[in-house]
Amino acid sequence: MSDKMLSPGAGFIYALSLTALAFILRSEIVLLAMVIPNFLLSLYYGRKKVAWVYVLILISAPGIFLNALFFSNYGTLYTTILGRPIYSNCISSFLIVFLRIAVIGSVGAFFVSYYTPMEIVKGLEKELHFPKGIAFSVAYAFRLMPLISKDFSEIRKVRKQRGYRAFPLTAEEFITYAAPLLRISYERAFWTGVAMELRGFRLRGKRRISSREQARFEK
Amino acid sequence: MRLQSDEAYVSIEELSAGYTKPDVILGASLRVGKGEGALIAGPSGSGKTTLFLAMTGVLSHLLEGKVEGKASIGGLDPLKLEDYELLPSKIGIVLQDPEKQIAMPTPIDELTFILENFGYSREEAEKRAAEALKSVGLQSKANFHVENLSGGEKRRLTIAASTVHDPPILLMDEPTASIDPWGIAEIRGLIRSSLDKGMAVLLIEHKPVFFKDLFKRIYILRGGKLDKFEEKDEMSIRDVDFSVKECGEEKGKDIGSGKRVIEARDLAVGYGRAILRAEELEMREGEIVAIVGPNGSGKTTILKTIAGFIGPIEGEIVGERRRFYVPQFPDMLFIKRTVEEELRDQKMDPRARGSLKDLFPWYSSLKSSNPFRLSHGQRRWLSILIALGYDPSVLLLDEPSSGLDLILYNKLVDLLKRVKNSGKSVMISTHDPRLIVDLADRVYYIQDGRMAEKGKSEACSELYEVAGVVR
């Protein structure tokens, strides 16, 4: 099925476990230790394919910091920025949330870069006995990612030409970025779904070819 | 289930269909037998795709739409769930855009996945998939990532995907929507070989000019009604393109007298490595220049290079700095919530902005609409107006006529003539011979990675010839 050291099923469990752990753990050091190997592995296997995941994680940083500043700014005084006191809990809350996102992003990036969508479908179907619909959806989501990355880059350039920022910083800008991306991705996914439906996806795992068809093939 | 030779391979009777109620298709009937073909033409928004989705059962079983009447494909009734599930073994399908039909990362995976759906073992599926790839000349790229295939190769992959399981029926929904004349020739080849093999072929298409010689039976879908088309009615088909443009006589090189707005020598463009080279590129004020070539030949790349999105690999582009690129997907340009807000964007040039709403024919009824909710043609229209709002000296349009029906196409030609008459220059990347005849002052033609100027008439004739259109 796959000549990889880690089978797709095992890879999926690994990614899922680390994602769950990211929500539970609160140690910055442990979270950082989880990010580094996945970050390096994803870049080793995926290179440019996953770089945009890290761009998005970095874009989220200012928002996470503002959130920590408004809702968790207490503890001992750590420093001041523009005359505003920053307390220790603000820093640790920021780091924990940011590293959690980084763990989820990096393990997802590793999973996407290490396996092909076909390997994921087979792994989830055969090893983990996932329903074919879920297995295919997961695999196709990964097939869409490089396409979304390409669209994202094109939208950035077109927006710059219109005199707008190339990267979204505010919530409203983020929405105006997301809208065309979602629309284009939805249209792609819709027609791929129709194509797969009419190419026998519903029959998958249900039907064996008849002996007549088999004979015709052998001929 | 074996089909008898006298049995209708595809038939619909009094079929009505729609998304919330059956009001898009109104009582359509047709019949296609073994070795027969039928072409259904119709303008944008006439319900062609709805008809395709309805007759295959997708509308009722997947999209929860409403379908009434009878349908039979390959002896199965796709409107019944148990038959709908078996339908794929009887049909091969080719849809609008190759990009939107490929689900797997490599050509071999794509075909193997489809054959596995039909119950083939992995080994059998791989063997048969390899044979199918060989038949479309993709055997050497079986394990390439699909993103590294050219547009033409992706299209050939979708052709292989439609016939890999040897179905008796071929159904196609606007297969030329985003393809070039080279692709049209391949689709024509597929139709011809399928008919020769005795398959039933049903083609739904808004550019029937490219296929009308292959079909004895032509239907027109308009206002939900499906009517048989008689040749004598040809002149009355206002909104469906049945005619081949006259490419005209060559008039000799006309370089124009306006000042140069774009000039480049020994240019090489691409992403990291050169995919297209041009010894000379020149454009004058008030001129419309067409860049013509197959999908994946570098037309978009050279437009993006001129727009300044990417730097040239060799050479330099000089001239007017105010250039604006309108992408092939107009949605990428939209930022605001309504049409009105888009056309009043404060970042635009105040003088240019003032006249934009008068140039949008549907402004009074659609000004409060979200740009994403407009029809494809309207979205393309809006994207060009947004570009004009920035008062560029050079407008760069990427495949502006793709997906437009004849009415919208003619409106687009009028709009671009007005733009030209206002002194602006327009560069169009296209493989549509009509645009060359109707608009271009000059043509640059791409062949084997090189771009050079070519006569209008010659370029137009060549595109029709490549497509294999009978004139």
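Each value in this text was obtained by applying a stated rule to the coordinates, not by laboratory testing. Because the structure is predicted, anything quoted here is derived from the model rather than measured. Cβ placement follows ideal geometry from the backbone for every residue including glycine, while neighbour counts extend to all protein chains displayed.
In the structure shown, do any of B:LYS259/B:LYS424; B:LYS154/B:LYS304; A:LYS150/B:LYS304; A:LYS160/B:LYS347; B:LYS66/B:LYS225 have a Cα-Cα gap over 20 Å, and if so which? Exceeds cut-off: B:LYS154/B:LYS304. For chain A, the longest principal axis of the Cα atoms and the long axis of helix A:48-71 meet at an angle of about 40 degrees. Put in order of Cβ neighbour count within 10 Å, fewest first, the listed residues B:LYS141, B:LYS34 become B:LYS34, B:LYS141. Charge dipole of the protein assembly as shown (Cα centre as origin; +1 on each Lys and Arg Cβ, -1 on each Asp and Glu Cβ, all else neutral): 1340 debye, rounded to the nearest 20. For chain A, the Cβ-based charge dipole about the Cα centre amounts to some 880 debye (Lys, Arg positive; Asp, Glu negative; other atoms uncharged). Compared with the dominant principal axis of the Cα atoms in chain B, helix B:181-196 is inclined by about 10°. If you take the alpha carbon atoms of the range B:394-471 and fit the smallest convex hull around them, that volume is 108 Å³ per residue.
Using only Cα atoms and rounding to the nearest 10 degrees, what angle (0 to 90) does helix A:8-24 make with the longest principal axis of chain A? Roughly 20 degrees, rounded to the nearest 10. Legend: translational diffusion of the protein assembly as shown by Stokes-Einstein, Rh = Kirkwood radius over C-alpha pairs, 4 °C, 1.567 mPa s; D = 47 µm²/s.
Listing B:ASP23, B:ASP331, B:ASP180 from fewest to most neighbouring C-beta atoms within 10 Å gives B:ASP23, B:ASP331, B:ASP180. Between the listed residues B:SER162, B:LEU138, B:LEU111, the Cα displaced farthest toward the positive end of the dipole of the range B:89-176, a dipole computed from Cβ unit charges relative to the Cα centre, is found at B:LEU138.
Of A:ARG143, B:ARG321, the sequence from fewest to most neighbouring Cβ atoms within 10 angstrom is B:ARG321, A:ARG143. Counting only residues at least eight positions apart within a chain, or on another chain, the aspartates and glutamates with an alpha carbon under 16 Å from that of B:LYS21 are B:GLU64, B:GLU68. Between the C-alpha center of the range B:9-61 and that of the range B:343-367 there is a gap of 38 Å.
For chain B, the square roots of the Cα gyration tensor eigenvalues, ordered a ≥ b ≥ c, give a/c of at least 1.5 with a/b greater than b/c, which places it in the prolate category. Inter-part distance, the range B:271-335 to the range B:154-176, computed on C-alpha centroids, equals 33 Å. Among the cysteines of the protein assembly as shown, A:CYS90 have no other cysteine beta carbon within less than 4.7 Å of their own. Projecting the Cα atoms of A:PHE39, A:GLY9, A:VAL55 onto the dipole axis of the range A:1-115, where Lys and Arg carry +1 and Asp and Glu carry -1 at the beta carbon, places A:VAL55 farthest toward the positive end. What you get for the range B:8-236, charging only the Cβ of Lys and Arg (+1) and of Asp and Glu (-1), is a dipole of about 440 debye around the Cα centre. Annotation for the range A:20-37 versus the range A:42-75: alpha-carbon center distance of 14 Å.
Look at the Cα gyration tensor of the range B:260-319: its axes a ≥ b ≥ c give a/c of at least 1.5 with a/b at or below b/c, and that counts as oblate.
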